[in-house]
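Q: To start, I am sharing the structure in question, which I have written as structure tokens.
The values are calculated or read from the model by the stated rules, or taken from the named source; none is laboratory data. Computed from a prediction, not measured in an experiment: that's the story for all the values here. With ideal geometry, Cβ positions are generated from the backbone for all residues, glycine too; neighbour counts draw on all protein chains shown.
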Amino acid sequence: MRNRKTASHFAVGLAAASLLTLTPAISSAASDAPVAKDPLRQYTQQKLRWQRCNTANPATFQCATVKVPLDYSDLDGKKLDLAISRLKASSTKQRRGVLLLNPGGPGGPGLDLPVAPELRLPGDVKSRYDLIGFDPRGIGQSSPLSCGLTEDEQNFEHPYKAGTFAKDVTWARTVADKCRARNGDALPHFTTRNTARDMDVIRAALGERKISYLGYSYGTYLGAVYTQMFPRRTDRFVLDSAADPTRFGRGTFQAMAEGAEAAFTRWSEWTAQRHTAYRLGNTPAEVRRTFWDLVARANRRPLTDSDGRLLTGDALRVEERPTFFHVRKAAERIAELKKAAEGGRSAASGTPGRRLDAVPPASVRGVPSDNEAAGMWAVMCTNPLAWPRDPGQYRRDAIRDGARYPLYGDVASTIMPCAFWTAGSEPETRVNNGVSLLILQNAWDPQTPLPSGQAMHRALHGSRMVTAAGGEGHGIYGIDGTSTCAKKNATAYLTTGKLPAKDLTCPASTEQKT
């Protein structure tokens, strides 16, 4: 999940929701129950026209467009164009099928994942699968959503302050109103459940009986929903850095706040043991006090960091929340800011800094500059049961959680556009099945903390879970610096179909050991 979006997508730049009950006829057609006549035939039997995606990538990297219905209960109504890509398996003899890739988000484009330099999949996997990338509905090149949001309106991480709460309520209402005005009756159909249906249309259009899947972050929730809807079309699924399927929506943000407090405690203990190196305190209590003194100081007079950005204390705790999951990096960062404050590199005026990735760049291919933000809210907000409608509830919860989880609790629980959103087109999916698959999880993940992955494991009774003990960061498979043991198990599963005999706890790689 990136951090302008709370459940932001996959940190290395590769890049959960409500769903509808259809009429019995359409419901069975959109699941894997057999039917005499397939009402989705116009979509599942469409012919794909493959062509080279662009000149920047190999000619073997090809793209096509898949038509899907906006509303699966109205198959002859408005249609959406989904952009998909393919990098064929390197071995015709060893080829098993297709491996769909999703980077997370919600709001993360995945069209370029098969050739993304950040994603280094083993050759044994590439020889067996066509790698299939796709931009989910409403994202990137797939009928992209826009709400016409300004840069300021895209920033959702608002620390709770009694004096600014009314302004935050206005912001949340404005975002919801803009999205509704721009997208009208189409907005409720940009759901996880419909994206899972889209995945199954892609499967059929590719001529595959089943699909395999590698999803990160929010993509784990999307994958889990697919297994719930289409269990017999599920082949080998790897869910990397798993979200809690029972808390998708507001609870996704709140889980991040809970995880941040545990990470902050671990960091303060680690740093205290290295006082000689970082000079932040001899005890965990002293280290914590150093940080909170720095926050108070920056709230009085913003700091200028090494990049020349101004940071208020509130911006500092919001910005550094994910950093505390990387103990060495956090110690170096806080030591740097402490020196800046003591050396007088602070300023009383200017624009407080926000996250470096707070505003997505406009795509060179014409994607609206607010597409990722619009796509995130469209998916996150569609379950009204997950979001109170009373602004006063958000105020009370922000005060409560700010005390419980001082680093990020008020930010996670304060008002969001979902408080004013139009309900989605169908109820949320309850993930609860015995499909066999593999879950990978770092012990110290800033976006989907370990308890979230454990909750996904409980919901998927046939799953095995591999935990990287001491593993830091968001994402494991195909990424440098994470557990070699976890990667080997994932590769073995994708290439042989064999899951570990039991859940495993693996050491983090040597690059991450502290």
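Q: In this structure, does Gly473 turn out to be closer than 25 Å to Thr234 by Cα, under 20 Å from the mean Cα position of the chain (by Cα) and surrounded by 15 or more Cβ atoms within 10 Å (Cβ to Cβ)? Steps first, please.
A: Working: closer than 25 Å to Thr234 by Cα: no; under 20 Å from the mean Cα position of the chain (by Cα): yes; surrounded by 15 or more Cβ atoms within 10 Å (Cβ to Cβ): yes.
No, not satisfied.
Q: Taking the stretch 273-301 on its own, how many of its residues are part of a helix (DSSP H, G or I) and either of a type outside the set (Gly, Ala, Ser) or surrounded by 14 or more Cβ atoms within 10 Å (Cβ to Cβ) (or both)? Walk me through it before giving the result.
A: Filtering the stretch 273-301 down to residues part of a helix (DSSP H, G or I) leaves 275-278, 284-300.
From the residues that got through so far, the ones that are either of a type outside the set (Gly, Ala, Ser) or surrounded by 14 or more Cβ atoms within 10 Å (Cβ to Cβ) (or both) too are 275-276, 278, 284, 286-295, 297-300.
Residues in the stretch 273-301 being part of a helix (DSSP H, G or I) and either of a type outside the set (Gly, Ala, Ser) or surrounded by 14 or more Cβ atoms within 10 Å (Cβ to Cβ) (or both): 18 in total.
Q: Follow-up question, since we're still on this one. Could you list, ordered by first residue, the pairs with Cβ atoms under 7 Å in which the first is in the stretch 470-498 and assigned to a loop (DSSP other than H, G, I, E, B) and the second is surrounded by fewer than 20 Cβ atoms within 10 Å (Cβ to Cβ) and basic (Lys, Arg), at least 6 apart or interchain?
A: Pairs found: Gly478/Arg120.
Q: Let me ask something additional. Looking at the stretch 312-329, is at least one residue over 24 Å from His474 (Cα atoms) and either at pLDDT below 90 or not small (Gly, Ala, Ser) (or both)? Outline the logic, then answer.
A: Restricting attention to the stretch 312-329, the residues satisfying the condition of being over 24 Å from His474 (Cα atoms) are 312-313.
Restricting the remaining residues to those that are either at pLDDT below 90 or not small (Gly, Ala, Ser) (or both) gives 312.
The answer is yes; a qualifying residue exists.
Q: Right, another one. Identify the residue in the stretch 302-323 that is in a helix (DSSP H, G or I) and β-branched (Val, Ile, Thr) and, among all such residues, is surrounded by the fewest Cβ atoms within 10 Å (Cβ to Cβ).
A: The first filter runs over the stretch 302-323 and keeps only residues in a helix (DSSP H, G or I), leaving 313-320, 322-323.
So of that shortlist, the ones also β-branched (Val, Ile, Thr) come out as 318, 323.
Details: Val318: 22, Thr323: 17.
Ranking the qualifying residues of the stretch 302-323, first place goes to Thr323.
Q: Quick one: in the stretch 160-200, of everything that is aliphatic (A, V, I, L, M) and surrounded by 21 or more Cβ atoms within 10 Å (Cβ to Cβ), which residue is farthest from Gly375 (Cα to Cα)? Explain how you work it out, then say what you get.
A: First, the residues of the stretch 160-200 that are aliphatic (A, V, I, L, M): 162, 166, 169, 172, 175-176, 181, 186-187, 196, 199.
With surrounded by 21 or more Cβ atoms within 10 Å (Cβ to Cβ) added as a condition, the list becomes 172, 175-176, 187, 196, 199.
Details: Ala172: 15, Val175: 12, Ala176: 12, Leu187: 10, Ala196: 15, Met199: 17 Å.
Selected residue: Met199.
Q: Do any residues in the stretch 148-160 that are on the phi < 0 side of the Ramachandran plot and polar (S, T, N, Q) have Cβ atoms under 9 Å from those of residues that are modelled with pLDDT of 95 or more and part of a loop (DSSP other than H, G, I, E, B), where the two are at least six apart or on different chains, and which pairs are they?
A: Qualifying pairs under 9 Å: Thr150/Asp370; Gln154/Ser369; Gln154/Asp370.
Each row is one residue, and each column tells you yes or no for (1) surrounded by 23 or more Cβ atoms within 10 Å (Cβ to Cβ); (2) closer than 30 Å to Glu258 by Cβ; (3) at pLDDT 90 or above.
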residue: Phe10; (1), (2), (3): yes, yes, no
residue: Thr23; (1), (2), (3): no, no, no
residue: Gln42; (1), (2), (3): no, no, yes
residue: Gln45; (1), (2), (3): no, no, yes
residue: Ala56; (1), (2), (3): no, no, yes
residue: Leu80; (1), (2), (3): no, no, yes
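Q: Looking at (1) surrounded by fewer than 24 Cβ atoms within 10 Å (Cβ to Cβ); (2) touching a Cys at 6+ places or on another chain (Cβ under 8 Å), find the lone condition where Cys147 falls short.
A: Among (1) surrounded by fewer than 24 Cβ atoms within 10 Å (Cβ to Cβ); (2) touching a Cys at 6+ places or on another chain (Cβ under 8 Å), the lone unmet condition for Cys147 is (1).
Q: Moving on to the next point. Tally the residues that are modelled with pLDDT of 95 or more and either crowded, with 24+ Cβ neighbours inside 10 Å or of a type in the set (Ser, Thr, Tyr) (or both), restricting the search to the stretch 398-428.
A: In the first step, residues of the stretch 398-428 are kept if they are modelled with pLDDT of 95 or more; the result is 398-421.
Those left that are additionally either crowded, with 24+ Cβ neighbours inside 10 Å or of a type in the set (Ser, Thr, Tyr) (or both): 398, 405, 408-417, 421.
Residues in the stretch 398-428 being modelled with pLDDT of 95 or more and either crowded, with 24+ Cβ neighbours inside 10 Å or of a type in the set (Ser, Thr, Tyr) (or both): 13 in total.
Q: Answer yes if at least one residue in the stretch 263-274 is under 20 Å from Gly402 (Cα atoms), aliphatic (A, V, I, L, M) and touching a helix residue (DSSP H, G or I) at 6+ places or on another chain (Cβ under 6 Å), and no otherwise. Give the derivation first.
A: Step one: filter the stretch 263-274 for residues under 20 Å from Gly402 (Cα atoms), giving 263-268.
Narrowing the set further to residues that are aliphatic (A, V, I, L, M) leaves 263.
Then keep just the ones that are touching a helix residue (DSSP H, G or I) at 6+ places or on another chain (Cβ under 6 Å); that gives 263.
Among the residues of the stretch 263-274, at least one is under 20 Å from Gly402 (Cα atoms), aliphatic (A, V, I, L, M) and touching a helix residue (DSSP H, G or I) at 6+ places or on another chain (Cβ under 6 Å), which makes the answer yes.
Q: Another question, if that's okay. Would you point out the residue of the stretch 479-491, among those that are among the small types (Gly, Ala, Ser) and either buried (at least 22 other Cβ atoms within 10 Å of the Cβ) or closer than 12 Å to Arg128 by Cα (or both), that is modelled with the lowest pLDDT? Talk me through it step by step, then tell me what you get.
A: Taking the stretch 479-491 as the starting set, the residues that turn out to be among the small types (Gly, Ala, Ser) are 481, 483, 486, 490.
Adding the requirement that they be either buried (at least 22 other Cβ atoms within 10 Å of the Cβ) or closer than 12 Å to Arg128 by Cα (or both) leaves 483, 486, 490.
On the way: Ser483: 83, Ala486: 93, Ala490: 97.
The selected residue is Ser483.
Q: Quick test for you: out of Arg86, Arg120, Arg137, pick the one residue that is among the basic types (Lys, Arg), part of a strand (DSSP E or B) and either crowded, with 16+ Cβ neighbours inside 10 Å or out of contact with any strand residue (DSSP E or B) (no Cβ under 9 Å at 6 or more places or on another chain) (or both). I'd like the intermediate steps shown before the answer.
A: Working: Arg120 fails: part of a strand (DSSP E or B); Arg137 fails: part of a strand (DSSP E or B).
Of Arg86, Arg120, Arg137, the one residue that is among the basic types (Lys, Arg), part of a strand (DSSP E or B) and either crowded, with 16+ Cβ neighbours inside 10 Å or out of contact with any strand residue (DSSP E or B) (no Cβ under 9 Å at 6 or more places or on another chain) (or both) is Arg86.
Q: Let me ask something additional. Let me confirm something: among Arg247, Arg232, Arg203, Arg209, which residue is outside any strand (DSSP E or B), of a type in the set (Lys, Arg) and over 20 Å from Leu494 (Cα atoms)? Outline the logic, then answer.
A: Numbers: Arg232 fails: over 20 Å from Leu494 (Cα atoms); Arg203 fails: over 20 Å from Leu494 (Cα atoms); Arg209 fails: over 20 Å from Leu494 (Cα atoms).
That would be Arg247, the only listed residue that is outside any strand (DSSP E or B), of a type in the set (Lys, Arg) and over 20 Å from Leu494 (Cα atoms).
Q: Looking at Arg279 and the list (1) at pLDDT below 95; (2) at positive phi, which single condition is not satisfied?
A: If we test Arg279 against (1) at pLDDT below 95; (2) at positive phi, just (1) comes out false.
Q: Still on this structure, please answer the following. Which numbered condition in (1) crowded, with 17+ Cβ neighbours inside 10 Å; (2) farther than 22 Å from Pro245 by Cα is the only one that Ala455 fails?
A: (2)
Q: Examine the stretch 143-158 for a residue that is at pLDDT 95 or above and in contact with a strand residue (DSSP E or B) (Cβ under 9 Å, 6 or more places away or on another chain), and state whether such a residue exists.
A: First, pick out the residues of the stretch 143-158 that are at pLDDT 95 or above: 143-158.
With in contact with a strand residue (DSSP E or B) (Cβ under 9 Å, 6 or more places away or on another chain) added as a condition, the list becomes 143.
Checked against the condition, which is being at pLDDT 95 or above and in contact with a strand residue (DSSP E or B) (Cβ under 9 Å, 6 or more places away or on another chain), the stretch 143-158 yields at least one hit.
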